Structure formats: structure tokens, C-alpha cells
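Beneath this line is the structure, given in C-alpha cells, with notes to follow.
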Amino acid sequence: MQTYPHLLLLALALMAFGCNNSSGEAGGETAAGSKPSSQWEDPSIELPDGFSAIVVADSVGRARHIAVRDNGDIYIQLSNEQNGKGLAALRDEDGDGRADRIEYFGSHTGTGIAIHNGFLYCSSDREVYRYPLPEGKNLVPDEAARTLIAGGFPNQSSHEAKTITFDNAGHLYVNVGGPSNACMKQARTKGSTGMDPCPQLEWQAGIWQFDANTPGQTQKDNGKRYATGLRNCVALEWNPIVNNLYAVQHGRDQLNYLYPEMYSEQDNAELPAEEFVRINEGDDFGWPYCYYDQRKDKKVLAPEYGGDTETQGRCADVKSPILAFPGHIAPNDLLFYTANAYPEKYHNGAFIAFHGSWNRAPLPQKGYFVAFVPMKDGMPTGDWEIFADNIAGEEEIASPREAEHRPTGVAIGPDGALYIADSVKGKVWKVVYNG
């Protein structure tokens, strides 16, 4: 009987491919371990040499934060319901980088989402929920959510996003934004002074610490104010490399509109800084009495409290940032690169998603990119740089409505790739290194 060795090898190869594909469908191993296909590349995203952006999904819904499981499954908190649900789950079953399955679940919208100790945590503007991660081939959780923090937060119409992160000692941290621009007696009104003391500091404008496992907690009964004087920290993350809490704060607005005699339009566009802060228990970062002027490299007294652009006064003793970004570019997520798939310069550094400004007019709006900060021992070691650009799809933007996409969530996959989520349509990119 005549044999055909080349046909035998081909059959064995096809059998091996079939086994790998089955493995990926069952538990996501193929998606986590295979090289993405260049057919899904998005050449419009500007990245450093050696990197490329794979389009995981085009329009899952208005995405906020994103989390990636160790099998490659992706979970996204949405700000608007999609198919009547508030969360999206994505799975790449064949390892080409593209999501083959997209399913929706959950009855709430919001911003925060994280995977921690076998659970999926997510938040609305009023509560924090927890789901057991699904088992086997299931993509969405098998059980209904348990309410970990059952509200109790103050009602507020601005800066209400409850972003979350976890330390290594059983604690959950929640951002509670300040509900105003500068705690003025008449909000955003020329001539109005600031309330002193600011009553919003009692239950807002800070980070609260909770137990990560106890259901039914409330802010007033179970929360501990961990840090204060932070206007709004949508970007909030625990750094496991140095076991410390970090955030990037949204600075205040309208210096030129409220005080044109002291601040020019250029000042208004640049000030105050978006502050990258390292947070220890008991820290006070000064809002609303103070803001950080990156041009003078110091905290200065806000004009609502008698400031003249130079005087520090009570602000001399509040904590300063570890790095300052230009004003109004809206830091919306933060992560520390704990993987090693990228070149060494990125190891232990920070990626920050900047959602983009709305209030730099008449100057062009800025932001709409993902930045990188090199770090060592928990501190910056050099200047920040733009890592992923042209996400907005327009070279110059007068209004956020003109942006095709706005980065709002970042996460690391099990293969060390960076995922970026967009809040306009819910486009998701996977940034891989090809070097």
C-alpha cells in the first residue's frame, strides 16, 4: 500500500488546529495565548514603533471602565443601556484578536469595574455590586449580583461616578467626587465666594475605604474617609508594585470666566493641572481651597478663597501631585503596567486614558489620548508621553461632540496587551507589541 507522508502531516496539522480551536471556545485559552490577526488592525491609531492596535469590537455601547479576565474574556461597564442591559462581556474564541461573542447582562449602568479574587465588581453612580465569575463555557455570570455597597452616598448631579479599586489587604476604595466646581455659595457664578469651611468635604471630594467582602455596606455606617481634598478621581488604581493607592484628579474649571481680571483665556486653558497623586491614609490635597499651578510648580490659593494667582496661604501644607498634566484633558482611567510583554521602559509604568476637554474654548480642545508615565519605586522617572493618539479621529476639535471616539477605560490582558475602551460608540482596541 502506497503512503503519502505529506498528506499525513497535513492531517495531523488540521487535527492540532481543531483541538486548539475547541480549547479556546471552552475556556478562552486560545484568545489569551494566540497572536492577533493583522486583518483587524486599525492603522489610524498612532502608536510608538513596534506597536499595533487590533479592533476587538466596533460598537459594544457607550463604554466606561474595562476589565480583562485571565482567560482573555473582557467585561465592560456601560454608561447607557445596550439591549436593555448595563454591562457587556466579550470573548475572542479563535485567537485573532477580534471578539466573536458579545453578550449583555446586569441591570445597572455606571463607570467602575474590576476583577478581584474570583469576583467581578462593578459600580453604578450609587452602589457597588459583585458577581461570581462564570465557570466553564459561560461568558456572563451565572448568578445575580450581590450589592456590596448599598448606596448611602450623597445625591449629586455632577461628578457622581463611583470608580473602584482594591488593595492586597481586603479593602475596597471608592471615589466620591465633589459635586461642584469650587464649592461656591452660588455655583459657577461671577462674584460668588467659596463656602468656608466647605460642607461638601464631609461626605464628598475624597476617597472612601470599605471592606471588599461584606455585603450591604453604606458610606456613613461602614465607610472610612481615606483621603480628602480631591475634586473628582475617575482614574483610581491600587499599585501592587509598591502597595500604594494612586489617582489622577479632574481639576476645577472656568478661571477666566469667573475671574477675567486675573486669568487670561490661555490661563484658563492650561490651569489648573490635572494632578497625578500618590495617596496615603489621611492625605489632604486641598480642594476646593487650592489648585495646583504646574507652571509655578506649587499649590496656590483659589480665587474664591482670596487667591491672587500667587499666594499659597493655607495651601502651602497640603499634599502636591507626583506629576502634573495640562488642565482640562479629563483623566478617566489609570493602570500600572505589571506585565512584561512590552519593552522594558514600560515595565511598572502608568498608562492613563484622557477622555478629552470640553472647556478650553476659544482654543482647540485637547486630550483624547492614552498617555504613558515611566516609573520606578512608585515615582515618575521622566516626562510623560502620548502613547496612543488620534483616537478622536480629528486633528483639531472645537467640541467633544466632534470626536469619533474618546478613550475612557484601560486594562491589561493576560498576554500583556493593553486594552482601550471608547465612550462614544464602545469601540475596543487591543494594543500589541510586535517587536
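Scan the stretch 191-203 for residues that are under 18 Å from GLY307 (Cβ atoms), modelled with pLDDT of 95 or more and not hydrophobic (A, V, I, L, M, F, W, C) and the total you get is 5. Counting only strands (runs of 3 or more DSSP E) that sit completely within the stretch 305-385, those holding 1 or more residues that are among the β-branched types (Val, Ile, Thr) correspond to 350-354, 369-373. If I ask for residues that are in contact (Cβ under 8 Å) with a residue 60 or more places away in the chain and either of a type in the set (S, T, N, Q) or buried (at least 20 other Cβ atoms within 10 Å of the Cβ) (or both), which ones from the stretch 134-147 would you list? Once the filter is applied, which keeps residues that are in contact (Cβ under 8 Å) with a residue 60 or more places away in the chain and either of a type in the set (S, T, N, Q) or buried (at least 20 other Cβ atoms within 10 Å of the Cβ) (or both), the stretch 134-147 yields only THR147.
Between GLN156, GLN200, GLN186, the distinction of being more than 22 Å from the chain's Cα centre (by Cα) and surrounded by 13 or more Cβ atoms within 10 Å (Cβ to Cβ) belongs to GLN200 only.
Taking TYR75, is it part of a strand (DSSP E or B), in contact (Cβ under 8 Å) with a residue 24 or more places away in the chain and more than 17 Å from SER423 (Cα to Cα)? No; evaluated as a whole, the condition is false for this residue. Could you look through the stretch 386-427, keep only residues that are in a loop (DSSP other than H, G, I, E, B) and of a type in the set (Ser, Thr, Tyr), and pick out the one that is surrounded by the fewest Cβ atoms within 10 Å (Cβ to Cβ)? Per the criteria, the residue is SER399. Against the numbered list (1) within 16 Å of ALA63 (Cβ to Cβ); (2) in contact with a Gly (Cβ under 6 Å, 6 or more places away or on another chain), TYR104 comes up short only at (2). Would you check which residues across the stretch 372-413 are hydroxyl-bearing (Ser, Thr, Tyr) and touching a residue at least 24 places away in the same chain (Cβ under 8 Å) and list them? Scanning the stretch 372-413 gives SER399, THR408. Within the stretch 207-251, the set of residues being part of a loop (DSSP other than H, G, I, E, B), touching a strand residue (DSSP E or B) at 6+ places or on another chain (Cβ under 6 Å) and either of a type in the set (D, E, K, R) or surrounded by 19 or more Cβ atoms within 10 Å (Cβ to Cβ) (or both) comprises ALA212, GLY223, GLY229, LEU230, CYS233, VAL234, GLN249, GLY251. For the stretch 285-308, the condition holds for no residue, the condition being that it is within 16 Å of CYS233 (Cβ to Cβ), surrounded by fewer than 23 Cβ atoms within 10 Å (Cβ to Cβ) and within 25 Å of the chain's Cα centre (by Cα).
The residues on offer are VAL300, VAL277, VAL318, and the sole one that is touching a strand residue (DSSP E or B) at 6+ places or on another chain (Cβ under 6 Å) and more than 25 Å from LYS162 (Cβ to Cβ) is VAL300. Going by the structure shown, is GLY110 closer than 21 Å to ARG225 by Cα and either out of contact with any strand residue (DSSP E or B) (no Cβ under 6 Å at 6 or more places or on another chain) or part of a loop (DSSP other than H, G, I, E, B) (or both)? So GLY110 fails the test. Restricting attention to the stretch 94-102, does a residue exist that is within 27 Å of TRP208 (Cα to Cα) and among the aliphatic types (A, V, I, L, M)? Taking every residue of the stretch 94-102 in turn, none turns out to be within 27 Å of TRP208 (Cα to Cα) and among the aliphatic types (A, V, I, L, M).
Only a single item in (1) touching a His at 6+ places or on another chain (Cβ under 9 Å); (2) in a strand (DSSP E or B) is not met by LYS430, and it is number (1).
The values are calculated or read from the model by the stated rules, or taken from the named source; none is laboratory data. Because the structure is a prediction, the values reported are computed rather than measured. Counting neighbours? That spans all protein chains shown, and the Cβs are built from the backbone with ideal geometry, glycine included.
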